[in-house]
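Written out below as structure tokens is the structure these notes cover.
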Amino acid sequence: MQAIGINTSISLLAVLITCLFITPLLLSFGKDRKPTVNMSKSFEGYIGNRFEQFGSFVIRHHRGIVTLSVVLTIFCGIGLFFIEPAFDIEKTMGRKVPYVNKFLNLCETELGSMYAYDLMITLPHDNDAKKPENLQKLDQLSKIADGYKLTKRHNSITDIVKDMNCTLNGNKQQFYTIPDNADMVAQLLLLYENAGGTESEYWMDYNYKRLRLQIELKDYNSNEAEKEMNNLQAEASRLFPDAHVSVVGNLPQFTVMQQYVERGQMWSMMLSVLVIGIILVLIFGNWKVGLVGMIPNIAPAIIVGGMMGWLGYPLDIMTASLIPMVLGIAVDDT
């Protein structure tokens, strides 16, 4: 964040220096042209005439233009309610981008997954993670996660225990469960480790106090991912009331940051509109004139946001900058 702030400040300083010094210096080179006697024959005069004709057209058809503008603004205003504050790589960038297409194709394979996050459960005492009732709760939690929209598969110690139990019972499917006997669970884990298994240390600690559940995603939408993570954490807290439950990994951090930025942009835009409205009312000294002056300021933002909603473009870190940018340009012109 510090690097971003420094780079932004340097960029603004470069723009200021360019406008104050470099641009006037470049314009000073060359010979000065004589002023055009007949401006109507110059390029500037031609452009001015076109704008004058356009202004006359607007004045002659002001009712139709106002009606069309109101209808378009209302239509786009309704579309604002369909904007989803979320990051979705396929919706935002699309498969036409080679990298995105290759990445999504890889994620759609049997072994591939888009992202993954972990649910860490810290139990009160050592050896609690080996208790059958806790493993059965973790298995129940895994089944809940499998029902989520974004989940592709899960990984945990329960998969190893169920595989070992099924193998020792003639590969009968009815034994693909967590044994109810604590000694049996301990023997299965010991047998797995003696056979050279190394994956158990990824899902349990050496003191058998922590359990880890990994959720792999087949797709990613920051809004949906946030809901699923919160729901899974709530379910884990319900199943393990005495344990400390947390969602860990880079993905939860990225998701929280993404949602904070998107919602912050929305709130900042609404605050900007309020401040601009107050300033216009104070400048004109009349609240009616101030509200009329708000029309050209907020209409472009409503149209851009509404079209994003109707066309299904999510509001992510990149697209969230469009509406404030449009609002800033409109304010400069009014």
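Computed from the coordinates by the stated procedures, all read-outs in this text should not be read as laboratory data. Source: prediction; values computed, not measured. Note that each Cβ is placed from the backbone with ideal geometry, even for glycine, and that neighbours are counted across all protein chains shown.
Structure summary
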item	result
Tally of residues being under 27 Å from Asn223 (Cβ atoms) and either more than 26 Å from the chain's Cα centre (by Cα) or surrounded by 13 or more Cβ atoms within 10 Å (Cβ to Cβ) (or both) across the range 271-298	3
Pick from the range 229-242, criterion crowded, with 20+ Cβ neighbours inside 10 Å and either out of contact with any Lys or Arg (no Cβ under 7 Å at 6 or more places or on another chain) or of a type in the set (Ser, Thr, Tyr) (or both), ranking: farthest from Thr92 (Cα to Cα)	Ala236
Selected residue (criterion: surrounded by the fewest Cβ atoms within 10 Å (Cβ to Cβ)) from residues of the range 133-144 that are in contact with a Phe, Trp or Tyr (Cβ under 9 Å, 6 or more places away or on another chain) and not polar (S, T, N, Q)	Lys137
In the range 174-205, residue surrounded by the fewest Cβ atoms within 10 Å (Cβ to Cβ) [restricted to those that are out of contact with any strand residue (DSSP E or B) (no Cβ under 9 Å at 6 or more places or on another chain) and closer than 30 Å to Phe254 by Cβ]	Thr198
Candidate set: the range 81-132, residues that are in contact with a Leu (Cβ under 9 Å, 6 or more places away or on another chain) and among the small types (Gly, Ala, Ser); chosen: the one surrounded by the most Cβ atoms within 10 Å (Cβ to Cβ)	Ala129
Lone unmet requirement of (1) farther than 18 Å from Glu228 by Cα; (2) over 19 Å from the mean Cα position of the chain (by Cα); (3) of a type in the set (Ser, Thr, Tyr) for Ser268	(2)
Helices (runs of 4 or more DSSP H) wholly inside the range 153-265 containing at least 2 residues that are without any contact (Cβ under 8 Å) to a residue 60 or more places away in the chain, of a type in the set (S, T, N, Q) and farther than 26 Å from Tyr115 by Cα	157-168, 182-194
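Here's the yes/no breakdown for (1) in contact (Cβ under 8 Å) with a residue 24 or more places away in the chain; (2) in a helix (DSSP H, G or I):
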{"residue": "Ile78", "(1), (2)": "yes, yes"}
{"residue": "Lys91", "(1), (2)": "yes, yes"}
{"residue": "Lys96", "(1), (2)": "no, no"}
{"residue": "Tyr99", "(1), (2)": "no, yes"}
{"residue": "Ser113", "(1), (2)": "yes, no"}
{"residue": "Ala116", "(1), (2)": "yes, no"}
{"residue": "Met120", "(1), (2)": "yes, no"}
{"residue": "His125", "(1), (2)": "yes, no"}
